[in-house]
Amino acid sequence: MFFCIYLFMFILPRHGRLFLAVFSAVLGNFTFGFALVFPSPVIPQLQKGEDPRLQMDIHQISWFGSVFTLGAAFRGISAMVLNDRVGRKISIMLSGVPSVVGLLVMGAAQNFWMLLWARFLTGIAGGITAGSIPVSVCVRDFTPVCEGVLGSCPQITAVFGSLALYALGLDLPWRWLAVAGEIPVVIMIILLCFMPTSPRYHVMKGNRAKAVKSLEWLRGPSSDYLTEFNKIERSINSQVKGALRDLKKPLYYKPILISVFMRFLQQMTGITPILVYLEPIFLMTAISLELKYDAALVGVVRLMSVVIAASLMDKAGRKALLFTSGFLMYIATLSMTMYTHKTPCSHGNLTVTEGLKSTYGGSTGPAFDPITLIPLISSMVIIFGYAMCWGPITLLLMSEILPLGARGVASGLCVGVSWITAFILTQLFMHVVEAYGLFAPFLFFCVVSVVNIIFTAKCVPETKGRTLEEIKNYFRTG
């Protein structure tokens, strides 16, 4: 590992250290992606297990799936204050504490309450990383190189984390999955010990010498880091905290409302409950292929879509990608709605929990039927559409359009709205499926996709190729 650090620091070209610093930070997003979808392979394993203390009814499944987002909402909002107090580097390192403890409790769980507390603790860690890392990798304020690629790094590593969970879930029992999740956390903490604190944080605290030294380490001694330092210093010195009366100005309230509503719609697409309950959804749709391979395939598609987004973000317009993403999710959710409404569930009149117990892990599966691939393909397209645009570009737009004077408060508001919405949807998802069938939530997500397209057309500005000053003038004058 230390040899790899040496390669990054001394062998790689000009921006090697910068990429190493970004990689060290976004490892927190890897753990976040790993922990977020943890219930997907674990719920079926618990339901077919022999320990009755760990078998769950529909209410417990809903809490096991959703309490992560409650922890993320609780800590995500306060992470904004923590960032200003101790800096984003320390905040990200602190996220390792609840993450390690939560995964240890998960691996040693003997009853439902231990599972719940473990999920809540990993949610707290996820909330800290969600509130710290995207701002820490704010490409327009921190570096002018590879804007789209670096801006997509948090999303890409989160997807890698989810894919790692699906891949490990092919062979590992659920307790060992929790143990495996500790490894990237430990690596993240070790790497961050060698990374400098953000130059912006040092400037905000009045430590000009430390800021210059930090920027020199990131940029390299042969770069024009002093010019960049002067730009950062002027940007921070000109930053004025917005007062309440400023919220009446279009310059403030328009970008804040757009950002908040985009984060709200981002979750209303249903991406969180779909990812959290992916394998149970495949079970209820009676896909002929084995469930764990279905989930792994979806994870690969999700990764491909994020990589495509990273390559397109600097070339295609933000709105064009948002339209494409919304249309793909609309088609896929409509297909899923029609399939689950017309096709009878293979479990007859069994409840969701009874179906999980009776079907998952059986010695023989149903005969292969090509029609059962429709929900698999639909799920792939939903996740492809989301991860290609509505996932990474929503975060990128926030960093581009939010006014500096209100960025801290507005980011906290966006994080809170996002995770509270995710909690409500994930909590209600299984109850709605139990009461009305799987088609009901997907019909709702289909309607939301149409709303997303309309909202993009009417309210979202195009920011590609525009400077921060031009974006500011757009909101000031229209």
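How many residues are of a type outside the set (A, V, I, L, M), more than 21 Å from the chain's Cα centre (by Cα) and closer than 18 Å to residue 263 by Cβ if we restrict to segment 445-473?
5
Exactly one of (1) in a helix (DSSP H, G or I); (2) modelled with pLDDT of 80 or more; (3) of a type outside the set (Gly, Ala, Ser) is unmet by residue 170. Its number?
Of the numbered conditions (1) in a helix (DSSP H, G or I); (2) modelled with pLDDT of 80 or more; (3) of a type outside the set (Gly, Ala, Ser), the odd one out for residue 170 is (1).
Given the options 236, 256, name the one that is modelled with pLDDT of 75 or more, open to solvent by less than 30 Å² (accessible area, probe 1.4 Å) and either within 30 Å of the chain's Cα centre (by Cα) or under 26 Å from residue 25 (Cβ atoms) (or both).
Exactly one residue qualifies, and that residue is 256.
Taking segment 181-197, which residues are open to solvent by 50 Å² or more (accessible area, probe 1.4 Å) and either outside any loop (DSSP other than H, G, I, E, B) or free of Cβ contacts under 8 Å to residues at least 24 places away in the same chain (or both)?
Once the filter is applied, which keeps residues that are open to solvent by 50 Å² or more (accessible area, probe 1.4 Å) and either outside any loop (DSSP other than H, G, I, E, B) or free of Cβ contacts under 8 Å to residues at least 24 places away in the same chain (or both), segment 181-197 yields 183, 186, 187, 189, 190, 193.
All but one of (1) of a type outside the set (A, V, I, L, M); (2) under 14 Å from residue 178 (Cβ atoms); (3) at pLDDT below 85 hold for residue 102; state the number of the condition that does not hold.
In the conditions (1) of a type outside the set (A, V, I, L, M); (2) under 14 Å from residue 178 (Cβ atoms); (3) at pLDDT below 85, residue 102 misses (3) alone.
If I ask for residues that are open to solvent by less than 10 Å² (accessible area, probe 1.4 Å) and of a type in the set (Gly, Ala, Ser), which ones from segment 412-441 would you list?
Selection gives 412, 416, 418, 422.
Test of understanding: among 455, 444, which residue is open to solvent by 10 Å² or more (accessible area, probe 1.4 Å), at pLDDT 80 or above and touching a Phe, Trp or Tyr at 6+ places or on another chain (Cβ under 9 Å)?
Result of the check over 455, 444: 455.
Is it the case, given these coordinates, that residue 305 is part of a helix (DSSP H, G or I) and crowded, with 20+ Cβ neighbours inside 10 Å?
Taking the combined requirement at face value, the residue satisfies it.
Out of all the residues in segment 309-319, is one or more buried (at least 24 other Cβ atoms within 10 Å of the Cβ), under 17 Å from residue 448 (Cβ atoms) and of a type in the set (Gly, Ala, Ser)?
Looking through segment 309-319, none of the residues is buried (at least 24 other Cβ atoms within 10 Å of the Cβ), under 17 Å from residue 448 (Cβ atoms) and of a type in the set (Gly, Ala, Ser).
Exactly one condition in (1) open to solvent by less than 30 Å² (accessible area, probe 1.4 Å); (2) modelled with pLDDT under 85 is false for residue 149; which is it?
Every listed condition holds for residue 149 apart from (1).
When you go through (1) at pLDDT below 80; (2) open to solvent by less than 50 Å² (accessible area, probe 1.4 Å) one by one for residue 390, which number turns out not to apply?
Just one mismatch for residue 390, condition (1).
Which residues, taken from segment 324-336, are open to solvent by less than 10 Å² (accessible area, probe 1.4 Å) and either more than 20 Å from residue 391 (Cα to Cα) or not small (Gly, Ala, Ser) (or both)?
Within segment 324-336, 329, 333, 336 qualify.
Being farther than 23 Å from residue 331 by Cβ and not charged (D, E, K, R): is that true of residue 443 here?
When the stated conditions are applied, residue 443 does not pass them.
The values are calculated or read from the model by the stated rules, or taken from the named source; none is laboratory data. The structure presented is a predicted model; accordingly, all values stated were derived computationally and were not measured. Don't worry about glycine lacking a Cβ; one is built from the backbone with ideal geometry, like all the others, and counts go over all protein chains shown. Areas reflect the complete protein model, heavy atoms only, side chains present, ligands, DNA and RNA absent. Shrake-Rupley method; radii C 1.70, N 1.55, O 1.52, S 1.80 Å.
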